[in-house]
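Notes to accompany the following structure.
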Amino acid sequence: MATAETPSNGLRPDLWNEKGEFQRPTTQFRNFISKEPGARFPPSRDRYHLYVSYACPWAHRALIVRKLKGLESIISVTSVHYVMSLTDSWRFCTPEDNLPMDDCTPDPLHPEFKRLKQLYLHANPDYQGRFSVPVLWDKKLETIVSNESSEIIRMLYTEFDEFLPQDKRAVDLYPEHLRNKIDEVNEWTYDNVNNGVYKCGIAKTQSAYHDAVTNLFTHLRYIEAHLEGQSGPYYFGSTITEADIRLYVTIVRFDPVYVSLFKTNRGMIRFDYPHIHGWLLNLYWNVKAFSDTTSFEHVKNHYFMSLTMLNPNGIVPDGPVPDILPLEDLW
Ligand SMILES: N[C@@H](CCC(=O)N[C@@H](CS)C(=O)NCC(=O)O)C(=O)O
């Protein structure tokens, strides 16, 4: 099993504004894989590699889409170790780490690299930003295509369809008739829920925390009411869309991590939000792309062992037990 790395509290001061509110830095590699003639990054079999962490909600988006679209044999994956250093970011696994999930290996493309930051600096020796996951890597040009999950997932929707069987081409996570609604939901889900939990956890003042947690729970109530009004099991009724993926990655981490570590404890999904809970259990238990990419061991160990400014001794709580309730508990 893994050994914890030495924690450090060297968080960058620009993560907070003058009110003590958390602000997420913007992402820097923003290229697109495209079928357009002459594109610098054309779709190709076995040219692209995804670096992720199973712990990270943003990387989790890309893992789910890769599975839903059946791209496993076209885009390979490596997951970093779940303990992230606050100063040096992620490291690659060693063969001895023996973590759950198959892709936790040394970097297969650059076996000499110990840390993810070496990959970034290999792509751009002058790079000054964060060394975050996910990273979509181009094996041919030896560079980063993108490190922005919201854009990576969209590249996977259709650009690789020529390599896929008909049933996987037909998976449309951003259908034309729902695009406006998905974009609208994305915007407020990102700000109030996906990033909203971080605003609670990483707030530096009581008032920043209070405002963030009030806002988060107001939006959970909106989502609960929205899901109650749907005729199918997904965010927009009968078909899975990007809205499900982007919400799932936060909701599945909510009870096991955010409630305690980020103090989002005005309620729990399993006890207080029956429609969100039903929606979550259905995705987890009935859609393999969601459960196959969810590792509670990575998730819990990452947050509680890495965010040492919130949890200095790195103790990982036992509960809630179980990490996610069985489907029978719902119906
Ligand atoms: N905008 C990025 C955010 C990704 C992100 O924040 N990833 C976190 C892990 S959950 C990370 O790798 N952080 C490392 C660091 O900041 O050093 C995306 O959505 O792709």
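Results, tabulated for the structure shown:
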| quantity | calculated |
| --- | --- |
| The range 302-318, residues that are part of a loop (DSSP other than H, G, I, E, B), open to solvent by 30 Å² or more (accessible area, probe 1.4 Å) and of a type in the set (A, V, I, L, M) | 309, 310, 315, 316 |
| Failed item in (1) free of Cβ contacts under 8 Å to residues at least 12 places away in the same chain; (2) buried (at least 19 other Cβ atoms within 10 Å of the Cβ), with residue 77 passing the rest | (1) |
| Where a residue in the range 39-65 is in contact (Cβ under 8 Å) with a residue 40 or more places away in the chain and hydroxyl-bearing (Ser, Thr, Tyr) and its partner, wherever it lies, is assigned to a helix (DSSP H, G or I) and open to solvent by 10 Å² or more (accessible area, probe 1.4 Å), with Cβ under 8 Å and at least six apart | 53/302 |
| Test for residue 276: is it under 24 Å from residue 149 (Cα atoms) and in contact with a strand residue (DSSP E or B) (Cβ under 6 Å, 6 or more places away or on another chain) | no |
| Residue check for residue 3: surrounded by fewer than 18 Cβ atoms within 10 Å (Cβ to Cβ), closer than 22 Å to residue 249 by Cα and at pLDDT below 95 | no |
| Hits in the range 17-58 - residues which are within 14 Å of the ligand (Cβ to nearest atom) and part of a strand (DSSP E or B) | 22, 30, 50, 51, 52 |
| Residue selected from the range 156-180 under the condition of a type in the set (A, V, I, L, M, F, W, C) and outside any helix (DSSP H, G or I), by the criterion nearest to the chain's Cα centre (by Cα) | 173 |
| Residues satisfying the stated conditions in the range 131-155, i.e. part of a loop (DSSP other than H, G, I, E, B) and either more than 18 Å from residue 60 (Cα to Cα) or away from the ligand (no atom under 16 Å from the Cβ) (or both) | 139, 140, 141, 142 |
| Answer residue from the range 268-277, given it is of a type outside the set (Asp, Glu) and open to solvent by 10 Å² or more (accessible area, probe 1.4 Å) and is nearest to residue 316 (Cα to Cα) among those | 268 |
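The values are calculated or read from the model by the stated rules, or taken from the named source; none is laboratory data. Treat the numbers as computed from the prediction; the structure is a model and nothing was measured. Note that we place each Cβ from the backbone using ideal geometry, even for glycine, and neighbour counts take in every protein chain shown. Areas reflect the complete protein model, heavy atoms only, side chains present, ligands, DNA and RNA absent. Shrake-Rupley method; radii C 1.70, N 1.55, O 1.52, S 1.80 Å.
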